[in-house]
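One structure is given below, encoded as structure tokens.
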Amino acid sequence: MGMNHSSSTQVPQHFVGSWSNNDSASMDIESNGQICYVKSESGPMDKWNAPVRYSDDGFKGRYCCCFSIKGIYNGSNPQRPTFTINGDVLTKEITQQPGRKY
């Protein structure tokens with residue numbers, strides 16, 4: 001992911017929202033760039049609640065020296081954009097706006 005050429009803390013608007021794999025992983029990206037990512041399985045739970053650096057390709061962040069996160073964005077299908085994080089594919093939860101039909 002090409003984060004060096006144009007990364008920033010400003011989140012692209014189409015990243016903002018709730019993302020999930022409908023199983024063990026979910027993520028909320030707020031308009032201020034804050035990410036809350038939770039993955040729970042039978043073992044210990046992974047949790048990330050901190051700002052990250054964004055590019056058009058996704059995001060990455062580092063907390064201290066022992067935990068990092070990287071999300072790769074795929075918007076090739078605008079009706080079903082995804083983020084891949086640690087091998088999990090999270091789909092954006094798109095809510096239908098009142099008065100609009102898709």
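The values are calculated or read from the model by the stated rules, or taken from the named source; none is laboratory data. What you see is a predicted model; the values in this text were computed from it and never measured. When we count neighbours, we look across all protein chains shown, and the Cβ atoms used for this are built from the backbone with ideal geometry, even at glycine. These accessible areas exclude ligands, DNA and RNA; they are computed on the full protein's heavy atoms, side chains included. Shrake-Rupley method; radii C 1.70, N 1.55, O 1.52, S 1.80 Å.
Does any residue in region 83-102 that is modelled with pLDDT of 95 or more and assigned to a strand (DSSP E or B) come within less than 6 Å, Cβ to Cβ, of a residue that is surrounded by fewer than 15 Cβ atoms within 10 Å (Cβ to Cβ) and of a type in the set (Val, Ile, Thr) six or more places away or on a different chain, and which pairs are these?
Note: pairs meeting the criteria are Thr84/Ile72.
Out of the residues in region 31-87 that are under 13 Å from His14 (Cα atoms) and among the acidic types (Asp, Glu), which is least open to solvent (accessible area, probe 1.4 Å)?
Restricting to residues being under 13 Å from His14 (Cα atoms) and among the acidic types (Asp, Glu), the top hit is Asp57.
Identify all residues within region 19-31 that are under 15 Å from Gly87 (Cβ atoms) and either without any contact (Cβ under 8 Å) to a residue 24 or more places away in the chain or not in a strand (DSSP E or B) (or both); write none if there are none.
Once the filter is applied, which keeps residues that are under 15 Å from Gly87 (Cβ atoms) and either without any contact (Cβ under 8 Å) to a residue 24 or more places away in the chain or not in a strand (DSSP E or B) (or both), region 19-31 yields Asn21, Asp23, Ser24.
Assess whether Val16 counts as being more than 18 Å from Asn86 (Cβ to Cβ), in contact with a strand residue (DSSP E or B) (Cβ under 6 Å, 6 or more places away or on another chain) and among the β-branched types (Val, Ile, Thr).
Numbers: more than 18 Å from Asn86 (Cβ to Cβ): yes; in contact with a strand residue (DSSP E or B) (Cβ under 6 Å, 6 or more places away or on another chain): yes; among the β-branched types (Val, Ile, Thr): yes.
Criteria met by Val16.
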